[in-house]
1. Residues to consider are Pro450, Pro493; find the one that is touching a residue at least 24 places away in the same chain (Cβ under 8 Å) and either part of a strand (DSSP E or B) or over 22 Å from Ile555 (Cβ atoms) (or both).
2. Checking the structure you have, find out if any residue of the range 182-204 is in a helix (DSSP H, G or I) and within 30 Å of Lys154 (Cβ to Cβ).
3. Give all pairs with beta carbons closer than 7 Å in which a residue from the range 146-170 that is part of a strand (DSSP E or B) and crowded, with 20+ Cβ neighbours inside 10 Å meets a residue that is of a type in the set (Lys, Arg) and modelled with pLDDT of 85 or more; count only pairs at least 6 apart in sequence or on separate chains.
4. Among the residues in the range 410-420, are any outside any loop (DSSP other than H, G, I, E, B), surrounded by fewer than 21 Cβ atoms within 10 Å (Cβ to Cβ) and at pLDDT below 90?
5. Would you tally the residues in the range 437-451 being over 23 Å from the mean Cα position of the chain (by Cα) and either within 29 Å of Gly658 (Cβ to Cβ) or modelled with pLDDT of 95 or more (or both)?
6. Within the range 81-93, work out how many residues are at pLDDT 75 or above and either in contact with a Pro (Cβ under 6 Å, 6 or more places away or on another chain) or surrounded by 15 or more Cβ atoms within 10 Å (Cβ to Cβ) (or both).
Amino acid sequence: MSDARPRLTFNPVRIAVLVVVLIVVTGLAGFSLYLPHAMRASALETALQSNLDLLSQIKMVRGYYMQNILSRLTAGGVIKPSMDYHNKPNEIPLPATLVKELSELMAHDETTLSLVSPYPWPHREERLLTDFEQQAWNEFQVNPDKIVFREEVKDGKRILLTAVSDRMTSQTCVDCHNAHPQSTRRDWKIGDVRAVFQVSRAIEPVLLNAEERSHYIIAAITLGAVGACAMLFGFMMLIERQSRAKHLADQQAYYLAEHDILTGLQNRARLHDAIERSFGQARSPQYSTLMLIDLDRFKPINDTYGHTIGDQVLMAVSGRLRAICRDGDMLARLGGDEFAVLLASTCGHDDELSLALQICASMAQPFDINGQVMSIGASIGVARIDRDASNTTDLLIAADLALYAAKTDGRGTARVFTPDLMAESLKRRHLEADLRDALDRGDFEIHYQPIGSLTTGRITKFEALLRWNHRERGMISPAEFIPLAEATGLILPIGSWVIRQACREIRDMPLPVKVAVNLSPAQLQHDGLLDVLKDALDASGLDPSRLEVEITESIMMENDQKTLALLASIRALGVQIAMDDFGTGYSCLSYLQHYPINCIKIDRSFVQRLGQEENARPIVGAIIALAHALGMQTVAEGVESRTQLLELADLGCDEVQGFYFGRARPMRSIPSSAQAA
């Protein structure tokens with residue numbers, strides 16, 4: 001890769017400043033065009049609202065007059081409403097007449113109000129509707145709730161016309177109009193539009209004020225923009241004085257663009273370039289083999305001790321890689337805890353695996369970081385450039401598949417790519433695609449394995465075990481799809497479904513039968529687990545004490561404080577917590593002391609040795625005694641014979657689970673007698 005760097009033939013700072021100035025000028029011009037229109041629209045909206053408020057006041061007065069004055073005065077029959085009430089005793093104005101006269105009284109030079117109608121009401125037969133009033137009337141026939149407004153120029157002044165419909169609002173009003181001898185119709189009904197309420201307001205002063213204010217604002221913003229541009233030019237001059245320092249910084253940036261800043265190794269981009277060059281060198285490629293290295297158990301160290309210690313571990317790893325690899329090999333850090341080695345073409349086929357295993361052995365040795373001894377490990381995938389791929393992408397895929405196989409083999413080892421790994425990958429991808437659809441298609445179901453009391457012989461709870469009935473392959477083993485669900489993150493929606501379904505199905509079982517649901521590490525690390533449990537309990541109505549969640553010992557090593565807080569919150573809900581497969585993990589007694597655990601499930605590996613190995617009985621007895629001393633229940637897993645059952649009863653075990661006691665079955669296959677047993 002050439003070290004020559006292109007020299008800039010233009011000043012980027014000047015160009016940036018000119019672009020900014022151009023943007024400011026363009027934006028200012030656009031703003032100068034936009035603001036007057038915006039402020040004018042705002043002024044019109046304010047005037048429109050003022051007109052509507054005035055119309056609402058008139059309507060409110062009419063309503064008050066009808067309900068509190070007219071109805072009382074006319075109740076005795078002596079006083080009656082009339083259009084021609086002037087100079088007539090015992091007559092008062094009709095509501096419409098009152099509105100018309102109020103409108104005339106409230107009108108002034110700037111504002112006029114009117115109540116008009118195309119119906120030939122008495123004394124208004126000659127009043128013709130204006131063009132605007134006719135438009136409003138027509139639109140009210142389609143939508144009586146519509147607000148009609150228009151801006152016009154009258155006598156050289158701009159005015160805003162606003163109209164709303166006047167409707168029949170009560171049965172009393174309808175009866176009055178239908179019965180009145182001067183009414184133009186006899187078929188009025190509630191909701192009919194009888195007239196148009198209109199208000200006309202002069203808006204010339206409002207619009208002139210808005211225009212004047214917009215000019216002031218534009219002037220102020222222009223002044224600020226000029227000042228900002230002046231500051232930008234000053235900034236440009238300052239930057240140009242520092243161009244020499246910037247050039248040196250650019251050189252450093254070039255280095256950082258090709259190297260990992262923490263370890264000093266090559267980065268992903270340089271690795272890809274080197275692989276591409278090797279594919280282009282058909283006769284004598286510079287590199288022959290790619291190794292992808294993934295550190296094992298690095299995340300717990302990073303989470304427990306912090307990123308500073310984690311970075312020191314990564315630097316120590318890079319040091320060991322440098323010590324093992326040869327001068328012609330390329331070392332790269334791809335990010336996080338992922339590294340890569342490109343072996344020079346002088347490395348033989350046998351040497352590549354030997355070197356990979358040597359790296360695994362080196363990484364398995366403890367690291368001493370500031371007096372702290374830490375153990376990690378490494379899994380490695382190996383792929384050859386001349387045999388396993390024809391381009392960079394395929395080579396990385398081949399190495400990654402080999403790395404996945406190494407992790408599947410138990411980590412801490414190396415695997416060389418073979419074609420069957422690609423076939424397994426395709427099969428896994430197809431299974432993953434089916435797994436993503438299985439939940440929506442209803443392919444999952446829960447089988448329940450009974451757990452019984454050794455004291456009463458009755459079923460006390462059922463463990464919910466997920467089963468996948470594939471539409472083409474039939475039943476797929478959980479050992480095949482559960483790890484895939486955990487690796488792809490699908491365990492979260494699937495696990496949530498299991499919790500909800502188990503709560504729903506176990507709800508109808510007679511008390512005190514409980515249900516136990518397994519939680520994966522991914523579920524415990526997800527922030528939404530507590531809400532999932534709450535929602536499942538609320539939706540099903542299941543008593544929280546009838547739900548038990550099972551966790552493994554290894555989960556507690558991931559994040560001590562966070563896990564403790566989550567489990568405490570789960571217990572606060574009333575949900576029980578059991579430690580599954582006890583004795584196969586870390587078995588740290590501090591977890592039993594500090595964590596809110598109700599039950600210990602003794603792993604089947606201990607139970608199956610009862611009656612066959614002498615040391616099996618004292619180990620199981622010690623676990624049971626420890627659990628009872630801490631106030632916990634015990635469940636023995638994998639009970640398959642009467643001998644094991646009797647041994648466990650003699651040791652004081654509380655409950656048992658296994659084929660001898662009952663196999664897992666779907667809820668529909670569990671007889672009612674077993675449910676009530």
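The values are calculated or read from the model by the stated rules, or taken from the named source; none is laboratory data. What you see is a predicted model, and the numbers here were worked out from it, not measured in a lab. Backbone-built Cβ (ideal geometry, glycine too); neighbour counts: all protein chains shown.
1. Pro450
2. Yes, the range 182-204 contains a residue that is in a helix (DSSP H, G or I) and within 30 Å of Lys154 (Cβ to Cβ).
3. The qualifying pairs are Leu161/Arg150.
4. Yes, the range 410-420 contains a residue that is outside any loop (DSSP other than H, G, I, E, B), surrounded by fewer than 21 Cβ atoms within 10 Å (Cβ to Cβ) and at pLDDT below 90.
5. So the count comes out to 9.
6. So the answer is 5.
Residue-wise test of (1) more than 30 Å from His37 (Cβ to Cβ); (2) outside the structural domain of Leu94 (by TED's automatic domain parsing); (3) at pLDDT below 80.
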| site | (1), (2), (3) |
| --- | --- |
| Cys173 | yes, no, yes |
| Cys176 | yes, no, yes |
| Ile190 | yes, no, no |
| Val193 | yes, no, no |
| Phe197 | no, no, no |
| Ala220 | no, yes, no |
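Residue by residue, here is whether (1) at pLDDT 90 or above; (2) within 24 Å of Arg270 (Cβ to Cβ); (3) surrounded by 20 or more Cβ atoms within 10 Å (Cβ to Cβ); (4) touching a helix residue (DSSP H, G or I) at 6+ places or on another chain (Cβ under 8 Å) holds:
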residue	(1), (2), (3), (4)
Ile301	no, no, yes, yes
Ala332	yes, yes, yes, yes
Val341	yes, yes, yes, yes
Ala344	no, yes, no, no
Asp350	no, no, no, no
Ile359	yes, yes, yes, yes
Ala378	yes, yes, yes, yes
Ala383	yes, yes, yes, yes
Arg387	no, yes, no, no
